[in-house]
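Here the structure comes first, spelled out in structure tokens, and everything after it is commentary.
Nothing in this text is a laboratory measurement; each read-out follows from the coordinates by a stated rule. Given the structure is predicted, the values throughout are model-derived calculations rather than measurements. FYI the Cβ positions are ideal-geometry reconstructions off the backbone, even for glycines, and counts take in every protein chain you see.
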Amino acid sequence: MATNSRLRAAAQHKPLTAIRPRASIVIVNYNGREDLARCLRSLAQAGHADDEIIVVDNGSSDGSAAMVEAQFPQARLLRSARNLGFGEGNNLGAAHARGAYLAFLNPDTEVTPGWLDALLAALDETREAGLATPKILLREDPQHINTCGNDLHLTGLALCRGLGQARDELADRAAVGAISGAAFAMRRELFYRLGGFDGSFFLYMEDTDLSWRARLAGYTCLYVPDAVVYHRYSLRFGPDKTYYQERNRYLMLLKGLRWSTLLLLLPALLLAEVVTWGYILLDDRPRWRNKLRAYGYVLRGWPTLMARRRAAQASRRATDHELLRQTTHRLAYEQTGESLAATLAHWVFDPLFWLFRQIALAATRR
């Protein structure tokens with residue numbers, strides 16, 4: 001909550017117009033020295049004379065902070081003594097930002113000339129757009145897509161949109177379920193108004209949750225294909241990934257949807273539990289307790305969660321029907337690897353999720 005207080009204080013600060021940057025580019029780093037250096041070099045080559053670059057070092061032990069000071073003096077360096085997590089680290093950077101716009105980059109990204117110009121132009125041209133995300137290509141395989149915005153399943157699972165497709169695909173600007181936290185931009189005022197990232201998430205799903213809360217407040221998430229960023233991406237499951245992804249998915253849904261809608265979605269949510277448990281037992285069996293840890297976190301933190309729910313609901317300008325319309329019934333099982341199990345999962349689960357989504361859409365239409 002401390003960083004949210006910093007955001008509120010920053011929202012009241014009025015920097016002098018003559019020295020105000022166009023945008024503040026925030027990069028949160030944790031032991032990513034080599035990737036961070038490549039990212040900062042790409043920013044220098046892309047040209048950002050009217051923008052400020054803020055690097056938040058989350059207690060790295062690999063010399064990242066010293067490297068930034070020595071090699072990239074144009075960047076503002078904020079040192080955290082400990083790892084605050086992705087969301088809280090970005091909140092810290094945003095609290096020190098002076099630009100009218102905020103842009104967020106992962107340290108393992110590389111930008112191309114004009115990437116930010118295209119994102120900001122899209123936000124200016126589409127006033128209902130709250131967040132704008134670029135075409136993100138695979139850094140190690142630049143002819144193929146990492147994600148073009150994220151698809152959001154009706155049960156809160158987030159999926160890379162267009163993963164593996166040719167770079168020329170998905171060439172049209174479009175509203176998407178969520179932005180990718182690897183690279184996106186938004187107005188600073190809106191970021192502050194939404195309270196920034198939910199710092200309790202620590203890792204994973206923060207971008208989806210911010211997108212969901214922006215859409216709840218009546219804004220759209222916009223994919224902008226003219227903006228191109230490269231990302232070193234691979235589907236990795238570390239020891240705690242399932243825990244953070246699942247608990248944060250529960251937190252996002254409980255904050256964002258009306259109780260009546262959650263009840264309507266109960267069959268779909270239970271089916272999602274079958275799917276996620278099935279994945280864990282097939283591919284992540286040694287860490288099956290992570291699901292139980294996620295359940296326990298929600299139960300233990302219920303009072304705090306309800307306070308965050310009230311804050312999110314207070315900003316509501318969109319109906320649950322509008323939120324659910326921007327979801328999909330289809331899970332991209334193949335993103336975890338081509339297999340017979342993925343094909344069977346589509347045959348078995350897609351029709352059921354389609355039915356549950358249609359029922360929820362019909363029941364929430366008002």
Taking square-rooted eigenvalues a ≥ b ≥ c of the alpha carbon gyration tensor, is the stretch 79-141 rounded, prolate or oblate, where a/c under 1.5 means rounded and, failing that, a/b exceeding b/c means prolate?
oblate
Would you please give the residues with an amide H less than 5 Å from that of Phe202, counting only those at least 5 places away or on a separate chain, with H modeled from the backbone geometry?
Gly87, Glu88
Tell me, which longest segment in the chain has none of the GluC sites (Glu not before Pro) that fall in DSSP loops with at most 15 further Cβ atoms within 10 Å?
170-337
Pop a pseudo-label 7 angstrom from the Cα along the beta-carbon direction at both Ala307 and Tyr295 and give the gap in nm to one decimal.
2.7 nm
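Which net charge results when you count Lys and Arg as +1 and Asp and Glu as -1 among the other residues whose beta-carbon is under 14 Å from that of Ala294?
On the way: positive: Lys241, Arg247, Arg249, Arg287, Arg289, Lys291, Arg293, Arg300; negative: Asp240, Glu246, Glu273, Asp284.
Its environment carries a net charge of +4.
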Relative to the Cα centre, what is the charge dipole magnitude of the stretch 276-366, using +1 at the beta carbon of each Lys and Arg, -1 at the beta carbon of each Asp and Glu, and rounding to the nearest 20 debye?
740 debye
Among Thr242, Ala171, Ala227, flag the residue with its Cα farthest along the positive direction of the charge dipole of the chain, charges on Cβ as +1 for Lys/Arg and -1 for Asp/Glu.
Thr242
Euclidean distance between Cα centres, the stretch 290-350 to the stretch 178-215, Å:
16 Å
What is the dipole size for the chain, taken about its Cα centre, with +1 at each Lys and Arg Cβ and -1 at each Asp and Glu Cβ, in debye to the nearest 20?
1620 debye
Per DSSP, loop trypsin sites (Lys or Arg not before Pro) in the stretch 34-85 with at most 15 further Cβ within 10 Å
Arg82
Taking Cα atoms, the helix 33-46 axis meets the longest principal axis of the chain at an angle in degrees (rounded to 10) of 70 degrees
